[in-house]
Each structure stands twice: as C-alpha cells, then as structure tokens.
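K.L.:
To start, I am sharing the structure in question, which I have written as structure tokens.
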Amino acid sequence: MERNSPHVRVTRRWWAARGAIALSCACCLWLCVVPAAAEEPSLAGKATIRRDAYGVPHILAESEEAAAFAHGYAAAEDHLGELARLFLRARGEEAAVFGERFLESDQNIQVFRILETARERFADLPPDMQAVLNGYAAGYDLYLSQNRKDTPAWATPITGVDLLAHCRAVLLLDFALNRQPWKQNSPLSGKGSNMWAIGGSKSKSGHGILLANPHLAWNWSNVFHEVHLSVPGKINVAGATLIGFPVVSIGFNEHLGWSHTVNTIDSDDVYELTLSRPDGMEYFYEGRLMPLKANEISVRVKTDQGVEVRKRRVLLSHYGPVIRVEGNKAYAYKSANLDLVNFLTQYNLMAKAANLDDFRSALNMQQLPMFSIAYADRAGNVFYVFNGRIPIRAKGFDWEGSVPGGRADTEWFAMHPLSELPQLLNPASGYVQNCNDAPWYANLEQLISKASFKDYITLDVLGARGQISLQFLSPKRTLTLEDVKQAKYNERELFADRVKSELIARAGSQKAPSPELAEAAKVLEAWDNRVARESRGAVLFMRWWEQYSRGAKSLYKEPWSALAPMSTPRGLGDADRAVSELALAAAAIRKEYGTLSVPWGDIYRLRRGPVDEPVGGAADGCFRSIRYRRDTDGKWIALGGDSYVLAVEFSDPPAAFSVMAYSESADPRSRHFHDQSALFARESYKPLWFTEQDIRKNLERAYHPGEQVSPGTK
C-alpha cells in the first residue's frame, strides 16, 4: 500500500487503537453470536463462514440474504477501516472528518447524485437484490457493533442504500466517468488489466481456461477481497470483488468464468450551450429558451476553527449538470451512466449462469457501464466483448471535444445494444485476450473488423502487454493450466526488445565513449531483457528509459501502427538524447548502488508486514505490470499494478489457483495480512479450493457471523 495515502494512515491509526484493547475471547471456534439487531441472530444462524488456510472466506448459507450477511461480516473482519472510510465517502461526509482536501470529493457525491439516486432507486431493485444489499449491510453493522469501542466515532452503521451508494461511487466516480471534465487527470491512470480465455481447441484438456489479472493500486477503493459464496440450489461462485461489493465481480462457478479489463470507452459528452445573456439562467435550444435550474449543495468541512458549512451553487440543464460557465457559454455534462443501480443484479445473474446463453442474457442487461469481458466454460467456449454503455451518436460531429449543444441533432437518447459492440465468439485459433487495448486485437488470427463499428467506439491501439499476450497465445500449440500460470509471470521488457540493440550500437559508435558509457553498453548487452528479480541490467535500462521518455523529442523512430501492430513501435526517435541519458543513468546508478549490474530484486521490493521480498515486473512494457515508489531507505517498493491473479480450468470440478499481492486481510495482526504476498513476490500461487471436500480438508476455522475470535486467527 502507498504509505503516504491518508486512507492508509487512518487505517493504521485505527488498527493501532484496536491493538491497545484486548479482546475478551481467545482463539475458539465455538463462541456465542452477539446480536446487533433483532433479525441478525436468524441470519447469522443460517450462514457459516469457513476460513481456509489463507483466510479466504468460503460462505455456506441457506439463502442469498444470509450469505450476504456473512459476506458483509467477513469483509468487515478483513477490511473494517477501509470500508468505514469508503462508506463515509459515499455519504459525502469525508471533509467533515478529514478536512478541506476532501471538499471536492464530497461535492461530487452530490453533484452526480451518487447517494441521492441510490435512495430514490433502491426500491427499483429486484426484491432479492434488496435483501442481498440489506443483508450485507447488516453483517457489516454487526461486526462494527462488536468493535464499537475500538473504532472512530465517524465509523457509523450503514444500510443497503449506503452500500449501493458506495458501489455507485466506486463504479462511477472511480472508473466509468472516464472523461471526468471536472478533473485534470483521468481516474483510469494506473488502472489496467490482463485477461485470457482459452477454448477447448487450444487447451490440452479440451476444457476452457481463464486467466484473470486486474492491475489496480493496492489501496482505497481499488482493493480486492477474495470470497466464495455458496447457497445450494441458488448460487456457487468464487473469485474476487472490490471491497464493499456484495457480489463477485471477477470469478467462476461450476460451469464457467469471466474476467474484466478496463476499456477506453466514451459514454459521456460535454455540450456547449449558448446562454441568453452572460451568466444568465436560460439557454437556447432549437430557437427556444430553456431554463437552467439552480441547486445549492452544502458540505460540512473540518477546519482549525471547527466545522464549517461550504455551499456551492450547481446549475442543471436538461442534459445534466453544468460543469463550468465562460461568458455566455455554459458547458453541460451528459453521461449514459449516472442513473445506474442494477449493475449488482447483473453480476448476480452472471454468477448464476450455467452456460454461454445464460451468461450472454445477463450481459444484455447492459448495467455495467464499462469493462471488456472475457468468458470461458467447461464446454470449451470462449467469448469476448468490448462491453459498455455507448450512446448512439449522430454522424458529422467531433465527439472528442465539446459538442454543439442547443440542437436536437447532436443530442443522444439511446445506447448501442450489446449486439452492436465489438465481440468475438469461438475463433478458430481457440483464444481471446485483452490487455486494455482496442477490441480489434482480441485474437490475432481473426481480427475484429474495425470498419464495422462507429469511429467513436474506442481508440485503435495495441500496447506492449497486448503484444506480449498475443506472442504467447498466437502460436499453434495446445496449452495447459500450468502453462497459463507460468506465462502470467512473464517479465520480459518489450521496449528493450525494440530499442536496446540500437542504443548499444549508438553508445559504441561515439568517437570517444566514456568508460561509464562503454560499461553501460556491456551491461545492457549481457542483460536478457527481463525485469526479473535476479536480472542484472534491468535497473540500468529502466532508469534510462524513464529519463529518456521524459525528454525525448520523439520516443520512437517508428511509432505504433495498425499496419504493423505486433512489430511497432521500434527504434530510437531521439538517438542523441538516448545516448546522453544513458551516460547520466549509468552515473546515477553507480553512485547509488556501486555497480551498474545491480540485481533488480536488490532494489525493487514487496514489503508488507514481515515480508520484504524481491519482486519482478515493471509498469512500462512488461506483462507483469508493477508500479513502485521510493522508500526512505532508497529501495523501490511495489504499490500497485498486478493485484489479483486467478487461473482456472473448467474441469469437473474446476481447478483454480489464485494469489493476492496484498493478501486477504488489512489487519496487521492477522497472519493473512502478508501470507500471500510472499507467494506473489516469488511468482507462485495458492489453490482456490472450491469443492466441499477441499474446503473441509484445508479449513482453518468455521464460525457463524458474530462469533468473536482472537485477532491472530483472522
């Protein structure tokens, strides 16, 4: 986790406070349920949480409501601090507790009606999903009530409405409103993913194989929690979900599985409106005047003088909220996603699907605002879709910038149905993949035709991870689950393949190369182009690459081209600068580490609790994408990227393996705060036990929600 994050600092103070209070019970499996409300004992008695050897909760329940109750309780056991803070965010109340820096976030909760829509639309959810949300909230509340003395006063109980608001805040503010014109930086920076679905014709067993591998920051709303939810006759799904989501969002059941990648999708537009007069309250629409409505929002803000109320006037057009006014121009924001509430219902139906038809029927709900989806099943089917809610827009307009408003021909009202989105079913070469690239390259042998789709669907790009992915999947050979598991940890640096030989040649062709430059060339020549823990030369190359990328007039001699998607970009676009930056990087590396051939893992580490391990991978050009920050001792510490890995083959029963970079629990007192982190650093996996026999065989403890245990067993 990023140590300077305010969310993490709060969590640490929280757990430190909790550690000062002794729990009244020792490690037991048979303690009494402590009820928080009248209905909770009955729900608690209908669900059992079975923690396996890595702390993963396998929940067995009599109903989905009871399973959700246990899920909320287990999530609070593992992530109480983060969840309490996220629920505070979803209510727009962070600034009242943590000050001015959260004012804008709290205002956005109101401007985009995150909580208000959850309140208004909660009754529109199917009754069973209302029960799931309320059950999860009640389970969370029970754990909070049991630990009330150990938690800050601002950590308050929640309802199903609060839970829905939180899920909306994450899915919309943190992901889907990807143009976010009220911010300078895209919220998708640092968010990525890899995924593969391998069909029966390409797998050695004839069954489908799925690889899920999201890349997010290792803190805040980006944290995954692994869970297994089982209600006999209703649902049996395992996988991971972002904390505070009462569903599995990446996972599998007995028959099939799916994964997501973040996709570059445009669901939003900014309309330029002409006001009747500067700063007026009316705008022209097809020759008529339309009124702007003014709402006043209020946010409580903690200051040195106490809590103050900050008010802001928000203008609303029929398109949506006005994000700015400049003279007689107002700019209104319209999104296809602001009213979404049934995305949890869709995930629930995806998890219950028994075959491809069921799964595609669930996708037809189109309640997920974004995310490409890869699917595999026991029958050997694979399917890919560039999923999202994309407006049907008129021809002849530039939809990248602000759109002329006040006219009917630029306004959209409907979404492209799933059938009109780029997709691929069972290609002859037996696989689909995506690494946040354009959908056209889901399969290299059977490209999806870009010309068949609107030009505003997405950008055309195939990045380094996508090229590495296709290099592995494209050759004509069959694959095993073990092949997939090993290939996931591919640490080859593609950019080195494309520029290193020229860089070495340029360095060697200098009239009087310095000894430092000559040695740098030798170190790079001996390097195998892998950013692995033991690699010597990777530290030098990646330092050079970072410096060169910042200042080069042109990064590549030949930029990426759709005409040569697997061999471009390549060559040095600014060769003179490349050589000078290599000399500077070599001098800096020698000064810091004493040698140019320092092993990567000596400098790049994964640290969590007692774990301090070398870790491979890099954010640029590497399939194993890891982001780092510099620690106080000069080492570079992993803080994001590769987050969760799931590899599953759909045999009968499914064979699944997974690993979480930051482990299952956020409680430093728990052994499950760090036990998976060492596995992850060492490029290994743990089993994700799915059958009742395997769960019982690898059981750490079993209990009903409400039964207290000592923190060391969590």
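Laboratory data are not the source of any read-out in this text; all were calculated from the coordinates shown. The model shown is predicted, which means the values in this text are computed figures rather than measured ones. Every residue, glycine among them, receives a Cβ derived from its backbone with ideal geometry; neighbour counts consider all protein chains shown.
K.L.:
Looking at this model, which pairs from K500/K553; K522/K553; K191/K454; K485/K686 are more than 23 angstrom apart at the alpha-carbon?
P.N.:
Beyond 23 Å: K522/K553; K191/K454.
K.L.:
Can you give me the orientation-averaged projected area of the convex hull built on the Cα atoms of the range 494-589, in nm²?
P.N.:
6.1
K.L.:
State to the nearest 20 debye the size of the charge dipole of the range 268-335 about its Cα centre, where the only charges are +1 on K and R beta carbons and -1 on D and E beta carbons.
P.N.:
260
K.L.:
Just to be sure I understand the model, the point goes 7 Å from the Cα along the line to the Cβ. What's the resulting S501 to E692 distance in nm?
P.N.:
Taking the simple label geometry, S501 and E692 are separated by 6.0 nm.
K.L.:
Once the Cβ-Cβ distance between S201 and A414 is put in as r, and R0 is 25 Å, what FRET efficiency do you end up with, to the nearest 0.05?
P.N.:
That gives a FRET efficiency of 0.10.
K.L.:
Karplus couplings for the range 450-459 from phi (6.51 cos²θ - 1.76 cosθ + 1.60, θ = phi - 60°), rounded to Hz, Gly and Pro as x?
P.N.:
For the range 450-459, the Karplus curve yields 4, 5, 7, 10, 4, 6, 8, 4, 5, 6 Hz.
K.L.:
Right, next: Relative to the compact-globule scaling 2.2 N^0.38 Å, provide the ratio for the alpha-carbon radius of gyration of the range 74-208.
P.N.:
Relative to the 2.2 N^0.38 Å estimate, the range 74-208 comes out at 1.30.
K.L.:
Can you give the relative contact order of the range 436-586 as a percent, counting alpha carbon pairs under 8 Å and 6+ residues apart?
P.N.:
Value for the range 436-586: 21 percent.
K.L.:
Still on this structure, I have one more. Please list, in order along the range 321-331, the HN-Hα scalar couplings obtained from phi with the Karplus expression 6.51 cos²θ - 1.76 cosθ + 1.60 (θ = phi - 60°), rounded to whole Hz, x for Gly and Pro.
P.N.:
Result, ordered by residue: x, 7, 8, 6, 10, 10, x, 9, 10, 10, 10 Hz.
K.L.:
Using amide H atoms built in the peptide plane, which far-off residues or other-chain residues are under 5 Å from V403 H to H?
P.N.:
Close amide H contacts, sequence-distant or interchain: V270, Y271, E272.
K.L.:
Highest mean first, what order results for 141-148, 250-257, 585-592 on Cβ atoms within 10 Å?
P.N.:
250-257, 141-148, 585-592
K.L.:
For Y431, what residues show an amide H to amide H distance below 5 Å, using hydrogens built from the backbone and excluding near sequence neighbours?
P.N.:
Amide H neighbours of Y431: G199.
K.L.:
Tell me the relative contact order for the range 268-335 as a rounded percent, counting alpha carbon contacts under 8 Å between residues six or more apart.
P.N.:
About 37 percent, as a whole number.
K.L.:
Which ordering of D268, D576 is given by a fewest-first count of other beta-carbon atoms within 10 Å?
P.N.:
D576, D268
K.L.:
Of K46, K553, how do they rank once you tally other Cβ atoms within 10 Å and put the fewest first?
P.N.:
Fewest-to-most ranking of K46, K553: K553, K46.
K.L.:
Relative contact order of the chain: what whole-number percent is it, with Cα pairs under 8 angstrom and at least 6 residues apart?
P.N.:
17
K.L.:
What order, most packed first, do the peptides 279-289, 680-690 have when packing is the mean number of other Cβ atoms within 10 Å of each residue?
P.N.:
680-690, 279-289
K.L.:
While we're here: Fewest Cβ neighbours within 10 Å first, please rank R389, R550 accordingly.
P.N.:
With the sparsest Cβ surroundings first, the list reads R550, R389.
K.L.:
Over 15 Å, how big is the tail of the calculated P(r) for the range 268-335, in percent of all Cα pairs?
P.N.:
Value for the range 268-335: 56 percent of Cα pairs lie more than 15 Å apart.
K.L.:
Under a crude label model (7 Å from the Cα following the beta-carbon direction), how far is A512 from S361 in nanometres?
P.N.:
In this crude spin-label approximation the distance works out to 8.0 nm.
K.L.:
A further question on this structure: Apply the membrane-span-like helix rule to the chain: whole DSSP H runs, Cα extent along the own long axis of at least 24 Å, mean Kyte-Doolittle hydropathy at least -1.0. List the helices found.
P.N.:
Membrane-span-like by this criterion, though nothing is claimed about a membrane: 64-90, 127-146, 575-593.
K.L.:
Under the 0.36 nm per residue contour assumption, what length would be gained going from the current alpha-carbon distance of D631 and S105 to full extension?
P.N.:
Going from the current span to full extension adds 186.5 nm.
K.L.:
Starting from one equal scatterer on each C-alpha and no solvent at all, send me the Debye-based log10 I(q)/I(0) for the range 213-363 at q = 0.15 Å⁻¹, two decimals.
P.N.:
-0.91
K.L.:
Summing +1 for each Lys or Arg and -1 for each Asp or Glu, what net charge is found among the other residues whose Cβ lies under 11 Å from the Cβ of L86?
P.N.:
Its environment carries a net charge of -1.
K.L.:
Taking the highest mean first, how do the peptides 378-387, 415-424 order by number of other beta carbon atoms within 10 angstrom per residue?
P.N.:
Result, highest mean first: 378-387, 415-424.
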